[in-house]
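Please read the structure below before turning to the comments.
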Amino acid sequence: YTTVVMAKKKARVLLVEDEKMLADMYSTKFSMDGYETFTAYDGEDGFAKAKELKPDIILLDIIMPKIDGFGVLKMVRDEEATKKTPVILLTNLGQDEDIKKGKQLGATDYFIKANHTPAEIVNKVRGILGE
């Protein structure tokens, strides 16, 4: 007889990052670690993809074209389909007021890109998703 191994559904990660090189780096790392990744390069596209894809988690840059990360975060929290989706702000803005603003708008966590490797970010996502 044969045993059927049910493949665990891949968690869906939406990366909203306008720096293509960084977006590709994170996307590659998440894909290698078994995540299904989607990328948006500006806030407007990021919010549209969040609504359409309903990802398990969103990694969101703050300084971006069209709509900044704070704007996207507010829109994600106001949208019924995504209001409970964990959102990690991934930025180089390390000021206390930016961190505070992100938390007030409902960010799950806040990372300063320069201080964390992609592997550390993946581990943090794994923890938030309870994997």
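Observations on the structure shown:
- Charge tally around T85: other residues with Cβ under 14 Å, Lys/Arg +1 each, Asp/Glu -1 each, net +2.
- Using the Karplus relation 6.51 cos²θ - 1.76 cosθ + 1.60 with θ = phi - 60°, the per-residue 3J(HN,Hα) values for region 29-40 come to 4, 5, 4, 4, 8, x, 9, 8, 10, 10, 10, 10 Hz, with x marking Gly and Pro.
- Distance from the Cα centroid of region 63-81 to that of region 114-131 is 21 Å (rounded to whole angstrom).
- Charge tally around A48: other residues with Cβ under 13 Å, Lys/Arg +1 each, Asp/Glu -1 each, net -1.
- Surface calculation, 1.4 Å probe, protein heavy atoms: E19 sits at approximately 90 Å² accessible.
- In region 34-131, trypsin sites (Lys or Arg not before Pro) in a DSSP loop with at most 11 other beta-carbon atoms within 10 Å: K83, K84
- Beta bridges by DSSP in the chain, antiparallel share as percent, to the nearest 5: 0 percent
- Per-residue ellipticity at 222 nm computed for the chain from its helices equals -12500 deg cm²/dmol, with DSSP H segments shorter than 4 residues left out and the rest contributing -39,500 (n - 2.57).
- Projected onto their three principal axes, the Cα atoms of the chain cover extents of 60, 33, 24 Å, largest first.
- Karplus-based coupling profile of region 11-28, in residue order and whole Hz: 5, 9, 10, 9, 9, 10, 8, 7, 8, 4, 4, 5, 4, 5, 4, 5, 4, 4, with θ = phi - 60° in 6.51 cos²θ - 1.76 cosθ + 1.60 and x standing for Gly or Pro.
- Amide H contacts under 5 Å for I57, placed H, 5+ residues apart: R12, L14
The values are calculated or read from the model by the stated rules, or taken from the named source; none is laboratory data. Remember, it's a predicted structure, so these values are computed and weren't measured experimentally. With ideal geometry, Cβ positions are generated from the backbone for all residues, glycine too; neighbour counts draw on all protein chains shown. Calculation scope for accessible area: heavy atoms of the full protein, side chains included, ligands and nucleic acids excluded. Shrake-Rupley method; radii C 1.70, N 1.55, O 1.52, S 1.80 Å.
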